[in-house]
Structure formats: structure tokens, C-alpha cells
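Okay, so here's the structure we're looking at.
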Amino acid sequence: MKIHVCGAGGEVTGSCYLVQTSQARVLVDMGMFQGYAKADEKNESLGAVEPAQLDAAVLTHAHIDHAGRLPMLPARGLRCPVHCTPATADLARILLADAANIQAMDTERENRKRERRGEPPIEPLFTDSDVEAVCNRFNPLPYGELRQIAHGVKIRLVDAGHILGSASLEMTVQENGSTKTIIFSGDIGQSHVPLLADPVTFDHADVVFMESTYGDRDHRPLQQTVDEFREIIKQAAWNKSKVLIPAFAVGRTQLLLYYLTEMLREGSIPDIPIYLDSPMAIRATELYGKHQGILDDDTRRRHGEIRRGFERVNYLVTPAESRALNERWDPAIIIAGSGMCDAGRILHHLKHNLWRKGVSVVLVGFMSQGSLGRRLIDGAERVRIHGEDILVRARIHTLGGLSAHAGQSALLDWFKPMAASRPMVVLTHGEDRARTPLAEKLRTRHGVDVRLPVNGDVIDLSARPA
């Protein structure tokens with residue numbers, strides 16, 4: 001009984017695990033590496049994953065750093081189902097289709113350069129047909145339902161509170177008379193955040209694969225963050241300037257829309273226009289209505305009122321509508337993808353506005369090393385966008401309290417109910433500067449064995465007592 005760490009070992013992106021027994025091989029997530037120079041090269045390799053030999057796959061949620069390499073698998077022999085929640089199945093179709101489109105555009109641009117250099121063309125990692133092939137293998141599994149997915153392997157999904165449909169995974173594995181309970185946290189969200197239900201935890205585990213994105217710190221109290229956000233918007237309206245907000249299409253965007261439309265409803269900010277410049281985010285927002293049954297109690301109770309607030313937003317679909325915003329100087333709030341500022345329509349808005357005094361850029365989530373968002377946070381005076389050097393005059397704000405990830409204290413609280421069973425803890429999905437302090441807290445408080453693997457490491461459970 002072994003688990004191969006095929007991604008997110010000492011980094012935040014590329015989540016991927018291969019569970020291997022003498023009778024079964026199960027894949028958990030197949031995420032894309034993102035945000036740094038060698039990410040594309042790493043994405044081309046499947047590592048220890050041999051798609052044709054898989055008995056089952058499980059997807060914890062739809063974000064590309066967990067789902068983004070799944071479309072590569074069918075053409076390489078994948079024949080097994082991919083288990084996930086119904087909402088994840090719907091969201092993944094949207095996000096993976098967008099990723100295929102980005103792959104196509106990036107490949108076309110690169111091949112034009114290669115042709116001029118007399119070099120052979122390259123192929124995208126996957127295409128629309130690859131996305132369709134893997135989405136046809138999605139096998140919806142509601143929260144709480146126990147299901148056998150391979151010989152000796154049963155799973156149960158619970159709400160992780162990270163994005164719509166996100167799940168933490170309990171996997172019970174039997175081999176040679178031994179039974180192990182393996183927990184995969186997926187990405188753990190914050191509690192008491194609008195729209196989503198709170199994360200659910202477990203009371204027993206032998207091994208816990210746990211995310212550690214913010215393992216080194218806590219977020220600011222949510223109300224303080226919302227108050228600061230309100231002041232940024234009010235100041236921008238008074239100064240008649242723009243606010244640019246890069247945001248992931250799923251989760252962060254809907255939370256921002258919730259707070260902004262609530263502020264408008266309360267009259268706590270001026271009536272400044274809000275633009276959602278992301279066709280993908282628009283489609284994702286519609287799914288919150290389809291899957292409202294898994295949202296938090298307050299959202300279900302106030303669904304009509306919240307929906308009316310969202311109807312005040314200007315939804316931009318076409319590129320022409322997006323470009324028109326860059327010709328306007330009047331105050332506006334523009335939410336556009338992508339979350340780390342590395343692709344999508346936000347790049348065009350940054351290119352046309354970063355050099356302008358008075359513009360505010362609000363960064364509301366984790367920015368990986370090497371990403372444009374991280375360079376802005378780190379105070380870069382110039383950045384390169386679409387081959388052009390852009391002077392940074394805009395004011396850069398960070399609002400970590402709106403993160404979709406739990407902070408250190410919340411991660412420790414999530415683990416606490418399992419502590420009595422003394423599981424091995426394997427910290428992934430975090431840079432070393434984040435997971436090392438979390439490991440020390442776990443060891444000190446609970447006396448548990450904590451591992452910090454790198455990609456390619458194998459966790460051998462056969463040597464661990466039953």
C-alpha cells in the first residue's frame with residue numbers, strides 16, 4: 001500500500017496522488033502546475049501515473065491546479081470513471097474548456113514564433129475533444145455517500161468549503177487483511193464565509209494528506225478585510241478612478257460580487273458600476289443557482305434577495321465589450337480572470353491601467369512564486385505584459401482575508417478531531433515557508449509524525465502498523 005506524491009510537493013499547484021495497492025490503482029486529482037517558468041515542461045509529464053492501469057480516479061474540486069491535467073489522460077488510455085460531486089462535474093466542464101482554449105491560443109502564438117525561427121511546431125497539452133472525453137467519465141457522487149470505487153477501496157466525500165462542490169476525501173483501503181483510512185483534505189476553505197457551507201472534518205485517520213497553502217499564518221479577521229475593501233471602493237469612487245480585481249472565476253468572484261452588491265444594497269458605497277469581465281465566471285455564477293441546495297443556510301434563506309443584487313452587475317461576454325472598458329476613464333469596478341494575473345482578460349486591463357496614477361489593483365488570493373500577481377505584491381516597479389514593459393503607478397492592495405483557503409489556526413482546528421487517532425500527516429499543496437511552521441505546530445500540539453514530501457516521493461503505508 002503506497003501513495004505516490006505526483007504534484008504539489010513543496011509547491012501550491014499540480015496536486016496529484018496515486019494510491020497503489022496489490023489490487024488497485026486510484027488517482028486523486030491531476031492538477032496543472034502553474035505560475036513559474038518550468039511549469040509547462042512539468043505539465044507535459046504524467047510522472048508515475050499510467051492512465052490505462054487506473055481502476056478509478058477522484059477529483060476533489062474543479063480548480064485547474066487540481067483538475068487541469070485530467071484531459072491528457074483519455075488519449076493515453078484512461079478508461080475508468082472519475083468520481084466527484086455533481087457541482088464539481090459542472091464546474092470542471094467550464095474550467096477545463098477554458099483551459100483548452102488558452103492552450104490553443106498559447107500554442108498558436110508559440111508556433112508562429114517557431115515558424116519564423118525555422119523550428120518545428122508544438123502541440124497543446126490537450127484540446128476541446130480531450131476535455132469532452134474526460135468530462136464524459138465524470139461519475140457524480142453526493143456528499144456523504146459511501147461508494148466502492150475499486151477492489152478494496154471505498155470513498156466518501158464531505159464539503160471542504162473551498163469552492164462550490166469542493167470536497168475532502170475519506171478513502172478506506174483494504175489490503176492483505178489490513179485496513180487503512182486515508183484522508184485527502186483537498187483545499188480547505190474558511191468557516192463563516194458567505195455563500196458556502198463550512199468545511200467538514202473527520203474523526204479518525206491513519207494518514208492525512210493535508211493542504212498547507214497558508215500554513216504559516218492566519219488571515220486577517222474577515223470583517224476587517226471587508227471594511228478595508230469598502231474603503232478602497234469608496235476612495236476610488238471619490239477619486240473617479242478604476243478598481244481592477246483579478247479573481248478566480250469560481251469562488252472568489254462570487255464572494256466579491258456578494259460583498260459588493262450587499263454594500264450597494266446597504267448604501268455603504270456610492271453607486272459605482274460593477275463589471276464582471278469573464279464569460280467563464282458568468283457561467284460559474286449561474287451554477288450557484290443550480291446547486292443552491294449545498295450552499296450555506298443564510299444563502300438559501302436569502303436566495304432571492306442575493307440574486308437580485310447580482311442582477312445589478314454588468315456581465316461582459318464579448319472581447320469588444322471588454323476592450324471598451326479600457327477606453328473609459330470614469331470610475332468602475334472591473335473583476336476579471338485570472339486569479340494570479342497570468343492569463344485572461346485581466347492582463348489587458350492591467351496593461352492599459354497599471355501605468356495610470358489613481359488606479360487601484362486589489363489582489364485577493366494566493367499568488368505563487370513567479371506569477372505576475374506575486375511580482376506586483378513584491379513591489380515591482382515595472383512588469384512585462386504581452387511583450388511590453390509596463391510602468392507600475394497604480395496602487396496595489398492585498399486582501400488576504402478573502403482567501404478561499406483556511407489559515408494556520410483553521411487548518412489546525414480542522415485536523416484536531418483526528419488527532420486522537422495519531423495519524424501520519426503529509427503536508428502538501430504549500431511552499432516550504434508555509435508548511436514547515438504548520439508541521440512544527442502539529443508535532444508540538446499533537447505529537448504526530450509529519451512528513452514534507454517533494455514531487456516523486458512515495459509514502460509507504462505497508463510499514464505503518466494497522
Per its Cα gyration tensor (rounded if a/c is under 1.5, else prolate when a/b beats b/c, else oblate), the stretch 307-452 is best filed as prolate
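What does DSSP give for the chain in terms of the percent of beta bridges that are antiparallel, rounded to the nearest 5?
Working: 35 of 71 bridges.
Percent antiparallel among DSSP bridges in the chain is about 50.
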Neighbourhood net charge (14 Å Cβ-Cβ; Lys/Arg +1, Asp/Glu -1) for A324: 0
Taking the Cα atoms of the stretch 1-56, report the difference between the largest and smallest coordinate on each principal axis, in whole Å and largest first. 38, 21, 13
With Kirkwood's inverse mean 1/r over C-alpha pairs for Rh, give me the Rg to Rh ratio of the stretch 24-154, two decimals please. 1.02
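Expected output is a single nm value to one decimal: the length gained when fully extending between K357 and R109, i.e. 0.36 nm times separation in residues minus the C-alpha distance. What is it?
Details: separation 248, 0.36 × 248 = 89.28 nm, distance 3.18 nm.
Net length gain for the segment: 86.1 nm.
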Computed label-point distance, nm, for sites H151 and E119 using a 7 Å Cα→Cβ extension: 4.6
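Calculate the tail of P(r) for the stretch 194-257: the fraction of all Cα-Cα distances greater than 15 Å, expressed in %.
On the way: 1485 of 2016 pairs.
For the stretch 194-257, the share of Cα pairs beyond 15 Å comes to 74 percent.
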Kirkwood Rh over alpha-carbon pairs of the stretch 259-301, then Stokes-Einstein at 10 °C and 1.306 mPa s: what D in µm² s⁻¹, rounded to an integer? 129
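Once the other residues with Cβ under 15 Å from the Cβ of R220 are scored (Lys, Arg +1; Asp, Glu -1), what is the net sum? Spell out each step's value before the answer.
Details: positive: R217, R230; negative: D216, D218, D227, E228, E231.
Residues close to R220 contribute a combined charge of -3.
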The value for the stretch 382-425 (convex hull of the alpha-carbon atoms, volume per residue, Å³) is 139
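Calculate the FRET efficiency for A320 and E44 from the Cβ-Cβ distance with a Förster distance of 30 Å, rounded to the nearest 0.05. Mind dumping the intermediate values first?
On the way: r = 35 Å, r/R0 = 1.16.
It comes out at approximately 0.30.
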Rounded, prolate or oblate: pick one for the stretch 222-402, where a ≥ b ≥ c are the square roots of the eigenvalues of its C-alpha gyration tensor, a/c under 1.5 means rounded, and failing that, prolate if a/b is larger than b/c, else oblate. prolate
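Take the Cα pairs of the chain, get the Kirkwood Rh, then feed it into Stokes-Einstein at 4 °C and 1.567 mPa s and tell me D in µm²/s. Intermediate results must be reported in sequence, preceding the final value.
Details: Rh = 22.8 Å.
Answer, rounded: 57 µm²/s.
Using only C-alpha atoms and all pairs of different ones, pull out the Kirkwood radius for the stretch 392-456 in Å with one decimal. Don't skip to the answer; put the middle values down first.
Numbers: mean 1/r = 0.0733 Å⁻¹.
Taking the inverse mean of 1/r over all distinct Cα pairs, the stretch 392-456 comes out at 13.6 Å.
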Between Q369 and D389, with labels modelled 7 Å along Cα→Cβ, what's the label distance in nm to one decimal, could you check? 2.6
If one compares the long axis through the Cα atoms of helix 86-116 with the longest principal axis of the Cα atoms of the chain, the angle in degrees, nearest 10, works out at 70
Taking N as the number of residues in the stretch 321-376, the ratio of its alpha carbon radius of gyration to 2.2 N^0.38 Å works out to 1.12
Taking the alpha-carbon distance from K441 and a cut-off under 18 Å, which lysines remain once sequence neighbours fewer than 8 residues away in the same chain are dropped? K416
Less than 18 Å from a label point 7 Å out along the Cα-to-Cβ axis of S178: which backbone N atoms in the stretch 1-41 qualify, by residue? 1-5, 18-26
Cα-based reach from K2 at 20 Å (exclusive), listing lysines while leaving out same-chain residues under 8 positions away: K154, K180
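Provide the percentage of antiparallel DSSP beta bridges, counting only those with both residues in the stretch 222-402; round to the nearest 5. Intermediate values should be presented prior to the final figure.
Values: 4 of 21 bridges.
Counting DSSP beta bridges with both partners in the stretch 222-402, the antiparallel share is about 20 percent.
In the calculated pair distance distribution of the stretch 290-384, what percentage of Cα-Cα distances lie above 18 Å?
Distances greater than 18 Å cover 58 percent of the Cα pairs.
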Keeping to pairs on different chains or 8 or more places apart, tell me how many lysine pairs in the stretch 222-402 have Cα atoms under 22 Å apart. 6
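Read the figures in this text as sums done on the coordinates, not as results from a lab. Note that the coordinates shown come from a computational prediction; the quantities given were computed from them, not determined experimentally. No Cβ is skipped: glycine too gets one built from the backbone with ideal geometry, and neighbour counts run over all protein chains shown.
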